[in-house]
Protein chains: 2
Amino acid sequence: MSAHGSFVSDNEKYASTFDKGHLAIPPAKKLALVTCMDARVEPLSQLGLNLGDAHVIRNAGGIAQESLRSIVISQYLLGTREIAIFRHTGCGMLTFTSEQVRKVIRETHPGNDAVAHAVDKLDFSEFSSLEESVKADIQFLKGNPLVLKETPITGWIYDVKTGKVWQNSSSKITR
Amino acid sequence: MSAHGSFVSDNEKYASTFDKGHLAIPPAKKLALVTCMDARVEPLSQLGLNLGDAHVIRNAGGIAQESLRSIVISQYLLGTREIAIFRHTGCGMLTFTSEQVRKVIRETHPGNDAVAHAVDKLDFSEFSSLEESVKADIQFLKGNPLVLKETPITGWIYDVKTGKVWQNSSSKITR
């Protein structure tokens with residue numbers, strides 16, 4: 001049974017009470033969130049945001065460096081003026097190295113040269129500390145000439161066991 | 001007033017009734033969703049998914065090519081076996097060209113060589129058709145040696161004015 005099999009019927013229920021068709025394309029709170037793809041993360045409810053409030057950029061780990069294209073579009077074309085980096089406890093990115101992932105992939109496709117070649121080109125951007133990775137992302141964004149100066153950039157950590165959020169201790173960096 | 005000013009107080013309400021601390025890191029429905037950062041998109045409620053069901057990868061447009069690192073981690077380390085591409089009507093990516101964005105950015109920073117150099121290296125991955133861009137993403141994933149063969153990959157379009165979802169007409173592609 002595929003997950004997509006129920007998309008249409010479940011969406012019919014959602015659409016039957018939908019009343020957000022008036023929302024404009026620029027995010028109401030002028031906020032761009034960068035967070036992890038983790039299935040236990042749902043940043044709107046966890047941070048008290050509503051549909052329409054924020055751009056939500058997500059990838060494995062919530063890596064801001066990979067999100068630069070999106071952040072630039074968010075700021076220059078759609079008017080966001082604040083960035084929040086939202087990491088979480090129990091992140092898979094704390095549990096492996098790029099070389100270990102490459103080995104798993106090569107072993108899944110023994111003798112496959114196309115796979116071996118493709119996997120060698122991928123950096124998996126793992127990290128060993130949530131706090132330090134948030135700090136590194138904030139420093140990257142603050143140092144990047146394309147990110148608008150004076151953009152408040154904060155870092156946050158969410159606990160997947162308790163639902164609680166706190167501000168990253170290393171996230172208050174002046175430019 | 002910054003958006004992040006209310007994160008802690010709003011999160012306290014969320015955490016006070018939180019009962020999802022038991023969720024495991026692998027997504028329960030073995031699904032990886034790729035969708036746009038647009039503020040009007042919230043794929044869990046719009047597709048009838050629950051917290052813990054799916055990896056959610058988001059960027060400007062919901063471009064799968066930019067998501068390959070995340071998809072590989074999702075499949076090989078966290079066991080997802082299905083991918084859904086979820087685009088939406090009224091997408092900003094339909095409204096500009098990369099050259100137009102570069103011009104806006106250069107004009108924001110007149111005479112700034114660091115900006116001019118950085119912006120020339122960015123491709124903004126705009127598209128001119130939702131349906132064709134979904135199809136192109138599915139073809140990219142099906143042709144990539146790192147994506148597990150036999151992965152069902154479907155494409156969906158969400159209408160931001162009505163809340164309705166339908167399957168992309170070009171999304172049923174056999175490998």
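The values are calculated or read from the model by the stated rules, or taken from the named source; none is laboratory data. What you see is a predicted model; the values in this text were computed from it and never measured. Here Cβ is always computed from backbone atoms with ideal geometry, including for glycine, and neighbour counts include all displayed protein chains.
The conditions of being basic (K, R) and part of a helix (DSSP H, G or I) are met by B:R106. Within segment A:3-25, can one find any residue that is within 26 Å of B:S6 (Cβ to Cβ), at the interface with chain B (Cβ under 7 Å from one of its Cβ atoms), at pLDDT 95 or above and assigned to a strand (DSSP E or B)? No: segment A:3-25 contains no residue that is within 26 Å of B:S6 (Cβ to Cβ), at the interface with chain B (Cβ under 7 Å from one of its Cβ atoms), at pLDDT 95 or above and assigned to a strand (DSSP E or B). Among the residues of segment A:29-41, count how many are within 7 Å of chain B (Cβ to nearest Cβ) and among the hydrophobic types (A, V, I, L, M, F, W, C). Looking only at that region, the number is 3. Is there a residue being part of a loop (DSSP other than H, G, I, E, B), of a type in the set (G, A, S) and within 24 Å of B:G62 (Cβ to Cβ) anywhere in segment A:85-103? No, there is no match, as no residue in segment A:85-103 is part of a loop (DSSP other than H, G, I, E, B), of a type in the set (G, A, S) and within 24 Å of B:G62 (Cβ to Cβ). Quick check: anything in segment B:149-161 crowded, with 17+ Cβ neighbours inside 10 Å and at pLDDT below 95? No - not one qualifying residue is present in segment B:149-161.
Yes or no: segment A:130-143 includes at least one residue that is within 8 Å of chain B (Cβ to nearest Cβ) and either at positive phi or out of contact with any helix residue (DSSP H, G or I) (no Cβ under 9 Å at 6 or more places or on another chain) (or both). Within segment A:130-143, none of the residues are within 8 Å of chain B (Cβ to nearest Cβ) and either at positive phi or out of contact with any helix residue (DSSP H, G or I) (no Cβ under 9 Å at 6 or more places or on another chain) (or both). Tell me, please, whether a residue that is more than 15 Å from A:Y76 (Cα to Cα) and more than 10 Å from chain A (Cβ to nearest Cβ) can be found in segment B:95-110. No, the conditions are met nowhere in segment B:95-110. For segment A:109-137, taking the residues that are without any contact (Cβ under 8 Å) to a residue 12 or more places away in the chain and part of a helix (DSSP H, G or I), the one that is nearest to the chain's Cα centre (by Cα) is identified as A:A136.
Only a single item in (1) more than 27 Å from A:L23 (Cα to Cα); (2) among the polar types (S, T, N, Q); (3) in contact with a helix residue (DSSP H, G or I) (Cβ under 7 Å, 6 or more places away or on another chain) is not met by B:S16, and it is number (3). Scanning segment B:49-84 for residues that are facing another protein chain (nearest Cβ under 7 Å), closer than 12 Å to B:L33 by Cβ and in a loop (DSSP other than H, G, I, E, B) gives a single hit, B:D53. Within segment A:10-41, the residues that satisfy the criterion of being surrounded by fewer than 17 Cβ atoms within 10 Å (Cβ to Cβ) and among the polar types (S, T, N, Q) are A:S16, A:T17.
Test B:L44 against the criterion of being modelled with pLDDT of 95 or more, part of a loop (DSSP other than H, G, I, E, B) and either at the interface with chain A (Cβ under 7 Å from one of its Cβ atoms) or surrounded by fewer than 24 Cβ atoms within 10 Å (Cβ to Cβ) (or both), and give yes or no.
Values: modelled with pLDDT of 95 or more: yes; part of a loop (DSSP other than H, G, I, E, B): no; either at the interface with chain A (Cβ under 7 Å from one of its Cβ atoms) or surrounded by fewer than 24 Cβ atoms within 10 Å (Cβ to Cβ) (or both): yes.
When the stated conditions are applied, B:L44 does not pass them.
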